[in-house]
Amino acid sequence: MKIAILSDIHEGLNRKRTQNEIMAVLNKWMETNRPDVFMISGDMTAGPDKSLALLNKLQNDFAKTKILFVHGNHDVYYEDSKVANEKLLQFPGNLGNGPVELNEDWVVIGDGGWYDYSFQIEGYTEEQFRIGTFNDFTWPDKQYAHWPGSDGEETDRYVEKLENWLKEYHGKNIIMVTHVVPFKKYLQLKGDPSWDFFNAMMGSERFGELALKYGVKKYIFGHIHTRYHEHYNGIEIICNPLGYYPHEWHHQTAEEEIFSAIKVIEI
Ligand SMILES: [Fe+2]
Ligand SMILES: [Fe+2]
């Protein structure tokens, strides 16, 4: 079974910046490669309505490929992120609806997740992370995502939900997926507080703890726009974002970048 993996497509922003139809490029890749599963681990574009429309179109265009999705922070940019999340759950392949059994051995368990400042650097208060401003830059989620609970409460909600599913499937080969980062190892510590401060908003070590506790075989995430594929703590780790054009891209054209970025694994 071929599983294609990509996150952080940021369709709107990359389409505008590159003047290229990102989804047409993705479709072209799909036509030639036809994976059994396509895992999109968050930040499809900004806002739930657009993300949902893109996901539905992709699934309709490629009925034989199972499109799986977890929401990213950008997908829930909306006046009420809870409502945004509910809209995104209308997509059948949204893992927030429940685990997806790929075959007798493998199950995919995931949801977008959120952050609880457990990746914070020292020297700042909870309140400073809640406000999310360093010098003149404010973390965009603070302006565009509006959850009913605090960041910590929303993270708790995801941890609880994921743990219930992990318990249920304990013993199976589990692929765990979140948009946010599960292990501190995958943060970039630059020694520059104007960057490192925002690591607090990258994820939660609690997702990593769950992965270890329930012995997941593979962990797929995104959010941090750096690509990783390695083994860590006995888990195959895959973080495979497209990221923002131009500074996070390695090629000049959308086709070269997208075609080279998409990772395919076999189970
Ligand atoms: Fe992103
Ligand atoms: Fe993100």
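The values are calculated or read from the model by the stated rules, or taken from the named source; none is laboratory data. Quick caveat, the model's predicted, so the values are computed rather than measured. Because the Cβ atoms are built from the backbone with ideal geometry, glycine has one as well, and the counts that use them run over all protein chains shown.
Structure summary
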quantity	calculated
Test: residue in the range 166-178 that is within 14 Å of ligand 2 (Cβ to nearest atom) and within 26 Å of residue 10 (Cα to Cα)	yes
Condition check for residue 264: out of contact with any Cys (no Cβ under 7 Å at 6 or more places or on another chain), among the hydrophobic types (A, V, I, L, M, F, W, C), surrounded by fewer than 16 Cβ atoms within 10 Å (Cβ to Cβ) and under 17 Å from residue 5 (Cβ atoms)	yes
Top-ranked residue of the range 214-231 - restricted to ones that are within 16 Å of ligand 1 (Cβ to nearest atom) and part of a loop (DSSP other than H, G, I, E, B), ranked as nearest to residue 73 (Cα to Cα)	223
All positions within the range 21-50 that are crowded, with 17+ Cβ neighbours inside 10 Å, touching a residue at least 40 places away in the same chain (Cβ under 8 Å) and either among the basic types (Lys, Arg) or within 15 Å of ligand 2 (Cβ to nearest atom) (or both)	41, 42, 43, 46, 48
Test: residue in the range 4-17 that is buried (at least 17 other Cβ atoms within 10 Å of the Cβ), assigned to a helix (DSSP H, G or I) and in contact with a Phe, Trp or Tyr (Cβ under 9 Å, 6 or more places away or on another chain)	yes
Selection count where residues are within 17 Å of the chain's Cα centre (by Cα), in a loop (DSSP other than H, G, I, E, B) and among the hydrophobic types (A, V, I, L, M, F, W, C), scope the range 178-213	4
Qualifying position, being more than 29 Å from residue 236 (Cα to Cα) and of a type in the set (S, T, N, Q), among 73, 14, 60, 97	60
Test for residue 249: is it outside any strand (DSSP E or B), out of contact with any strand residue (DSSP E or B) (no Cβ under 8 Å at 6 or more places or on another chain), at pLDDT 95 or above and surrounded by fewer than 18 Cβ atoms within 10 Å (Cβ to Cβ)	no
Among residues of the range 194-226, those that are free of Cβ contacts under 8 Å to residues at least 40 places away in the same chain and within 14 Å of ligand 2 (Cβ to nearest atom), counted	0
Any hit, the range 65-77, residues being touching a strand residue (DSSP E or B) at 6+ places or on another chain (Cβ under 6 Å), within 16 Å of ligand 1 (Cβ to nearest atom) and part of a loop (DSSP other than H, G, I, E, B)	yes
Any hit, the range 198-218, residues being among the β-branched types (Val, Ile, Thr) and touching a Gly at 6+ places or on another chain (Cβ under 9 Å)	no
Of all residues making up the range 234-246, the number that are assigned to a loop (DSSP other than H, G, I, E, B) and either without any contact (Cβ under 8 Å) to a residue 24 or more places away in the chain or touching a strand residue (DSSP E or B) at 6+ places or on another chain (Cβ under 8 Å) (or both)	3
Residue within the range 201-214 that is in contact with a His (Cβ under 8 Å, 6 or more places away or on another chain) and within 17 Å of residue 69 (Cα to Cα) present	no
Subset of the range 70-114 (residues that are away from ligand 2 (no atom under 16 Å from the Cβ) and of a type in the set (D, E, K, R))	79, 80, 82, 86, 87, 101, 104, 105
Every residue from the range 1-20 that is more than 15 Å from ligand 1 (Cβ to nearest atom), touching a residue at least 60 places away in the same chain (Cβ under 8 Å) and under 24 Å from residue 253 (Cβ atoms)	4, 18, 20
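For every residue, the table says whether it meets (1) within 29 Å of residue 14 (Cα to Cα); (2) out of contact with any strand residue (DSSP E or B) (no Cβ under 9 Å at 6 or more places or on another chain).
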position: 197; (1), (2): yes, no
position: 200; (1), (2): yes, yes
position: 203; (1), (2): yes, no
position: 214; (1), (2): no, no
position: 220; (1), (2): yes, no
position: 225; (1), (2): yes, no
position: 230; (1), (2): yes, no
